[in-house]
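Below you'll find the structure, written out as structure tokens, and then a few comments.
Each value in this text was obtained by applying a stated rule to the coordinates, not by laboratory testing. Predicted model, so just to flag it, every value in this text is computed and none were measured. In this analysis, Cβ positions are derived from the backbone assuming ideal geometry, glycine residues included, and neighbour counts consider all displayed protein chains.
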Amino acid sequence: MSPRMSKSSRHSMITGRFGESLVLYWLSKHGFECASVDHTGIDLIARNPVTAELMGISVKSRSRNVGKEETDVTIGRDELDKAQAACNAFGCDPYFAIVVDARDTIRCFMVGMAHLTEPYGRRRRSFSWKMSPRALETYYDDPEVIVFEFQHRTIRWWKEGARARKT
């Protein structure tokens, strides 16, 4: 994405739905029985075929502009509390999926809420999922963090000033 490119007025909402769908797709592809839910605190429910764990997943998706690729993803204390309450209601374990589209890579990290908050303690008002190269390497090496990513490129796109074709 070039620095001059502007996003649509609905891009934030579209990014959220894309992230939820991407995580749902990836879980399903790998044998998880899963569903999208419309509930405060969690976006997905999934049964892990490896551990049999029932997971309530809150998906946090971000689309980063050029120059902002390393911006942290902040998760507020209230989001953690809502995820925990929803998981208590459904009898599942709370997880977060963090999806970040930055430059030419879309990354997804899935982590249990306990592991997410472990370095900070549970009393903080917010938690930062860092996106620096050093933090990424830490996540890649951490067996408690599930990671998948995609490299992408645009082969051809509309050029500024191009005229509309008449039909």
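So how much slack lies between Arg64 and Ile14, counting 0.36 nm per residue of separation and subtracting their Cα-Cα distance, in nm?
Working: separation 50, 0.36 × 50 = 18.00 nm, distance 1.35 nm.
Taking 0.36 nm per residue and subtracting the Cα distance, the gain is 16.6 nm.
Please report the net charge: other residues with Cβ closer than 15 Å to the Cβ of Phe32, K and R +1, D and E -1. Numbers along the way, then the final one.
On the way: positive: Lys29, Arg47; negative: Glu20, Glu33, Asp43, Glu53, Asp93.
With Lys, Arg at +1 and Asp, Glu at -1, the net is -3.
Starting from the Cα gyration tensor of the chain, take the square roots of the eigenvalues, sort them a ≥ b ≥ c, and report rounded, prolate or oblate (rounded when a/c is under 1.5, otherwise prolate if a/b is larger than b/c, else oblate). Don't skip to the answer; put the middle values down first.
Details: a/c = 1.95, a/b = 1.63, b/c = 1.20.
Cα axes put the chain in the prolate bin.
Run the count for the chain, please: Lys pairs, Cα-Cα under 27 angstrom, 8 or more apart or on different chains.
Lysine pairs meeting both conditions in the chain amount to 12.
Of Tyr25, Tyr139, how do they rank once you tally other Cβ atoms within 10 Å and put the fewest first?
Details: Tyr25 11, Tyr139 18.
In increasing order of surrounding Cβ atoms, one gets Tyr25, Tyr139.
What is the fewest-to-most order of Trp129, Trp157, Trp26 by other Cβ atoms lying within 10 Å of their Cβ? Provide the component values of the computation, followed by the final result.
Values: Trp129 19, Trp157 8, Trp26 16.
Going from sparsest to densest Cβ surroundings: Trp157, Trp26, Trp129.
Would you mind ranking Lys82, Lys29, Lys159, Lys68 by Cβ crowding within 10 Å, fewest neighbours first? Mind showing how you got there, number by number?
Numbers: Lys82 17, Lys29 9, Lys159 6, Lys68 12.
Taking fewest neighbouring Cβ atoms as first place, the list is Lys159, Lys29, Lys68, Lys82.
Would you mind calculating the gained length between Lys159 and Ala114 on full extension (0.36 nm times residue separation, minus the Cα-Cα distance), in nm to one decimal? Let's see the in-between values first.
Numbers: separation 45, 0.36 × 45 = 16.20 nm, distance 4.68 nm.
Taking Lys159 through Ala114 to full extension adds about 11.5 nm, to one decimal.
Counting Lys and Arg as +1 and Asp and Glu as -1, what is the net charge of the other residues whose Cβ lies under 13 Å from the Cβ of Met131?
Working: positive: Lys60, Arg62, Arg64, Lys68, Arg103, Arg107, Lys130, Arg134; negative: Glu69, Glu70, Asp72, Asp101, Glu137, Glu149.
Surrounding charge for Met131 is +2.
Just to confirm the number: angle between the C-alpha axis of helix 77-90 and the first principal axis of the chain, 0 to 90 degrees, nearest 10?
60
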